[in-house]
Ligand SMILES: Cc1cc2nc3c(=O)[nH]c(=O)nc-3n(C[C@H](O)[C@H](O)[C@H](O)COP(=O)(O)O)c2cc1C
Ligand code: SF4
């Protein structure tokens, strides 16, 4: 555990024009690429494996091992696709990173592409974030102009093109195989696995799909080495990560720290829960990870410890809710989202999220029907493990954990509207007086 921040990807976000190539170059930018191009591609894959870097997109799959799953080259194309869809409620680390320091991703993509033998890489970006799209396009253009992209990069003989693709704003298109279908121009729905993308991904060719932060972490790892990276974090969750604190916290924002830090330590650095209030519940990794409460303040935020405590590290989206917030209402909003974003391909998720929404809507209004709470739990446990992709499983997390820790609130909502028991004006971030003064 640590009480120190480790600003690496975030270290010059406050610099003037932090997003420009020249700023990045002044901060070690592209030095990792220069030395990587002198090495054998296989050595870079091994370095990524040795670092212990695990995917930062949620599931935590070892990145180097994923690269190693690609079959031997057969002369045909192989692709790197970066997942920049970031659409989960609460998750907000990739977009700030792309706005503040996009060259980390571009350099990481060039090194990764060289390591896996890819000559055309893609960034699949969430559709709504037009400002990020513009910034990424500018970053890619700057990299072309400087000779880091295109033909014969830095005289190495290695060629790479990057295409930035804006999706149309669907959460399911963050699921890696739905993303690939969408990128190919089809409706974004998950594919049956196997075959996995490493074998038959984009255009049925071997493909690596990685999260923005995973690939952005590659230049520092290659510049400083696997041992340096492994010196941070815990034994099985190595390195640093961006923790996004949002909600009822004094100083919300991005806190880059070693994995294994606790919420208590992060809250200390962020000025604590807003003045005069106390922590009620929080998500460790976005809306698809089971809720935690104040009793989990000292759980180390690494993959293993969070799992052992009954949740998931996910995307380290720490959404903080104080005692003014109704759990029923928060869960209901999340389920509105999941019901809306369910792609409809499989019955448990399509129908189940619809029924969860019906019940939560009447509980919010204080009009529960006998047996509603058990029915919520029952529907959630029937979706879990039976859905075609992880969106369905994720939708059950707030429901099951909400009932587990706050059943009495669900009981109360059977007869009392949540806006009566939890007046919404109490949970707004700024009291009226402080806004007007
Ligand atoms: C519904 C759904 C949405 C997802 N959204 C994202 C996303 O926006 N970004 C992301 O990197 N991974 C997302 N994932 C996880 C991806 O499927 C995949 O595991 C990830 O991109 C792999 O990258 P990593 O190994 O670098 O973490 C999502 C998964 C699901 C089921
Ligand atoms: S779980 Fe939901 S999002 Fe995933 S395939 Fe089934 S319907 Fe679509």
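Bear in mind these aren't lab numbers, they're just calculated from the coordinates by the rules spelled out. Computed from a prediction, not measured in an experiment: that's the story for all the values here. With ideal geometry, Cβ positions are generated from the backbone for all residues, glycine too; neighbour counts draw on all protein chains shown.
Data overview
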read-out	value
Value of D in µm² per second that Stokes-Einstein yields for the stretch 280-390, Kirkwood Rh from Cα pairs, at 4 °C (1.567 mPa s)	86
Sites residue 228 and residue 333 - FRET efficiency at Förster radius 51 Å, r taken between beta-carbons, to 0.05	0.80
Relative contact order [Cα under 8 Å, 6+ residues apart], the chain, whole percent	16
Residue-span extension gain [residue 156 to residue 192] - 0.36 nm each, minus C-alpha spacing	9.1 nm
Computed lengthening from residue 15 to residue 69, 0.36 nm per intervening residue step minus Cα-Cα distance	15.6 nm
Helix-only [θ]222 nm of the chain, DSSP H runs n ≥ 4, -39500 (n - 2.57) each, per residue, nearest 500	-12000 deg cm²/dmol
GNM top mover of 399, 325, 212 - the chain, alpha-carbon springs below 10 Å	325
The stretch 21-230: C-alpha pair distances exceeding 28 Å, %	20
Percent breakdown of C-alpha pair distances by 5 Å bin, ordered from the shortest bin, for the stretch 155-236	3, 11, 16, 19, 15, 13, 14, 8, 1
Helix 347-364 vs. the chain, principal-axis angle (Cα, 0 to 90°, nearest 10)	40
Nitroxide proxy distance, nm - points 7 Å out along Cα→Cβ at residue 163 and residue 236	3.9
Acute angle (nearest 10 degrees) that the helix 103-116 long axis makes with the longest principal axis of the chain, alpha-carbon atoms	60
Helix 372-383 axis, angle to the chain major axis (alpha carbon atoms, nearest 10°)	20
Using a Förster distance of 45 Å, the FRET efficiency for residue 141-residue 367 (Cβ separation, nearest 0.05)	0.20
Linear extension gain, residue 205 paired with residue 119, 0.36 nm per residue minus alpha-carbon span	29.7 nm
Packing rank of 123-129, 270-276, where each peptide gets the mean count of other beta carbons within 10 Å, highest leading	123-129, 270-276
Residue exposure sequence - 35, 400 - by fewest surrounding Cβ within 10 Å	35, 400
Fewest-first sequence of 13, 334 by Cβ atoms within 10 Å of each Cβ	13, 334
By average C-beta atoms within 10 angstrom, highest first, the peptides 194-201, 257-264, 422-429, 133-140	257-264, 133-140, 194-201, 422-429
Dmax and Rg, reported as Rg then Dmax, of the chain (C-alpha, Å)	22.2, 72
Förster-model FRET efficiency, 22 Å R0, residue 264 and residue 323, C-beta, rounded to 0.05	0.80
Unit Cα scatterers, Debye sum, the stretch 327-421: log10 I(q)/I(0) for q = 0.11, 0.19, 0.25 Å⁻¹	-0.27, -0.77, -1.25
Neighbour-count order for 248, 224, fewest beta carbons within 10 angstrom listed first	224, 248
Principal axis dimensions, the stretch 240-320 - Cα atoms, whole angstrom, descending	32, 24, 20
